[in-house]
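Nothing in this text is a laboratory measurement; each read-out follows from the coordinates by a stated rule. Not measured: the values here are computed from a predicted model. Glycine also receives a Cβ, built like all others from the backbone with ideal geometry; neighbour counts cover every protein chain displayed.
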Amino acid sequence: MIHRGGCHCGQVRFEAEGEIEAAVACNCSICSRKGALLWAVDAKKFHVFDAGPDMGAYAFGKRTLRHRFCRNCGIATHSEGDGFVAINIRCIDGLDPAKIDAVEFDGRSV
Ligand SMILES: [Zn+2]
């Protein structure tokens, strides 16, 4: 199915296709601060509507991920990797994160 979501103010809107069977709770330095629950999809199944200059990008460490966020409201919606996108399921419209199984991932050790 198609999932739609976005940031708080609505400048960044996206849609993704697939089934959310579980979410990843990562303990790395950025995910633990954001409190993000991540669902990874193939980059071809993800689309961001034109957010223009409102969408920022942040990278650190090995810079293998581009962490995207809304420059207006500050919400971190997703991160882009090589061929995949990790979506913060807390930003998906109408989804109750408590109903999705969370799988812990030790990103801090990676
Ligand atoms: Zn926003």
- Report, in cubic angstrom per residue, the convex hull volume of the C-alpha atoms of the chain. 98
- Query: Which percentage, to the nearest 5, of the DSSP beta bridges contained in the chain is antiparallel?
  - Reply: 85
- Item | Exposure proxy ranking, count of Cβ atoms within 10 Å, fewest first, for Asp42, Asp54 | Asp42, Asp54
- Could you state the number of Å between the C-alpha centres of the stretch 86-110 and the stretch 49-78? 17
- Picking from Val48, Val85, Val24, which is most flexible by a Gaussian network model of the chain using Cα springs under 10 Å? Val48
- Would you work out the charge dipole size for the chain about its Cα centre, treating the Cβ of every Lys and Arg as +1 and the Cβ of every Asp and Glu as -1, and quote it to the nearest 20 debye? 500
- Query: So which chymotrypsin sites (Phe, Trp or Tyr not before Pro) in the stretch 1-107 pass both tests, a DSSP loop state and at most 13 other Cβ atoms within 10 Å of the Cβ?
  - Reply: Phe49, Phe60
- Item | Choice from Cys73, Cys26, Cys91 showing the highest fluctuation, given a GNM over the chain with Cα pairs closer than 10 Å | Cys73
- Query: Given the options Ala76, Ala43, Ala86, which has the most mean-square fluctuation in a GNM of the chain, springs set between C-alpha atoms less than 10 angstrom apart?
  - Reply: Ala43
